[in-house]
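Enquirer: Can you read through this structure? Questions will come right after.
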Amino acid sequence: MPEVVMYCTDVCPYCQRAERLLKNKGVKIKKIRVDGDRGKLKEMIKRTGRNTVPQIYIGDKHVGGFDDLSELDIMDELDELLAD
């Protein structure tokens, strides 16, 4: 299973939903908290081009946010990404 990295904050409901979806699939998530750490926030923006959380990577692929992750799951493509 590829590494799953999620840029997130502690209070973001979409981050919590993404984490729940991934954990239900047995995924261990490397969480990078950007709240209170401007350096990590700048890293996320530079890496993703986005300034909202969550921002999720599966391996080297930038999945996007919770809506993108959920759409992949609905389209039965998320399990394929996680299996690589």
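The values are calculated or read from the model by the stated rules, or taken from the named source; none is laboratory data. On a predicted model such as this, the values are computed, not experimentally measured, just so you know. All Cβ positions, glycine included, derive from the backbone under ideal geometry; neighbour counts span all protein chains shown. Each accessible area value is taken on the protein alone, full model and side chains, heavy atoms only, with ligands, DNA and RNA left out. Shrake-Rupley method; radii C 1.70, N 1.55, O 1.52, S 1.80 Å.
Enquirer: Size of the dipole of the chain about the Cα centre, Lys and Arg at +1 and Asp and Glu at -1 on the beta carbon, nothing else charged, in debye to 20? Write down the numbers at each step before the final one.
Expert: Working: 15 positive and 16 negative charges, 123 e Å.
My answer is approximately 580 debye.
Enquirer: Please work out the FRET efficiency for the pair residue 83 and residue 16, using the Cβ-Cβ distance as r and a Förster radius of 25 Å; give the result to the nearest 0.05. Don't skip to the answer; put the middle values down first.
Expert: Details: r = 24 Å, r/R0 = 0.98.
According to the calculation, E is roughly 0.55.
Enquirer: Given the options 18, 41, 58, identify the residue whose Cα lies farthest towards the positive end of the charge dipole of the stretch 15-59 (+1 on Cβ of Lys, Arg; -1 on Cβ of Asp, Glu).
Expert: Farthest towards the positive end: 58.
Enquirer: Separate question: So how long is each side of the chain along the principal axes, counting just the alpha-carbon atoms, biggest first, in Å?
Expert: Its Cα atoms span 35, 23, 20 Å along the three principal axes.
Enquirer: Determine the principal axes of the Cα atoms in the stretch 17-63, then give the extent along each, sorted from largest to smallest and rounded to whole angstroms.
Expert: In descending order, the Cα extents are 30, 22, 14 Å.
Enquirer: Right, next: Based solely on its DSSP helices, what 222 nm [θ] is calculated for the chain when runs of n ≥ 4 H residues each add -39,500 (n - 2.57) and the sum is averaged over all residues, nearest 500 deg cm²/dmol?
Expert: Working: 4 runs with 38 residues, N = 84.
Calculated from helices alone, the mean residue ellipticity at 222 nm is -13000 deg cm²/dmol.
Enquirer: Another question, if that's okay. Tally up the carbon and sulfur contribution to the accessible surface of the chain as a whole percent, 1.4 Å probe, everything protein left in place.
Expert: Values: 2350 of 5250 Å².
Solvent-exposed carbon and sulfur of the chain make up 45 percent of the total.
Enquirer: If each residue of separation counts as 0.36 nm, what is the full-extension length gain between residue 33 and residue 76 once their alpha-carbon separation is subtracted?
Expert: Roughly 12.7 nm would be gained on extension.
Enquirer: Continuing with the same structure: So what is the relative contact order of the chain, in percent, for Cα pairs below 8 Å that sit 6 or more residues apart?
Expert: Working: 117 pairs, mean separation 30.5, N = 84.
Averaging sequence separation for qualifying contacts and normalising by length gives 36 percent for the chain.
Enquirer: Compute the helix-to-body angle for 38-48: its Cα long axis versus the longest principal axis of the chain, expressed 0 to 90° and rounded to tens.
Expert: Helix 38-48 sits roughly 40 degrees off the main axis of the chain.
Enquirer: With no solvent and one equal point scatterer per Cα, compute the Debye intensity ratio I(q)/I(0) for the stretch 35-84 at 0.19, 0.22 Å⁻¹ and report its log10, rounded to two decimals.
Expert: Ignoring solvent entirely, the Cα scatterers give -0.65, -0.79.
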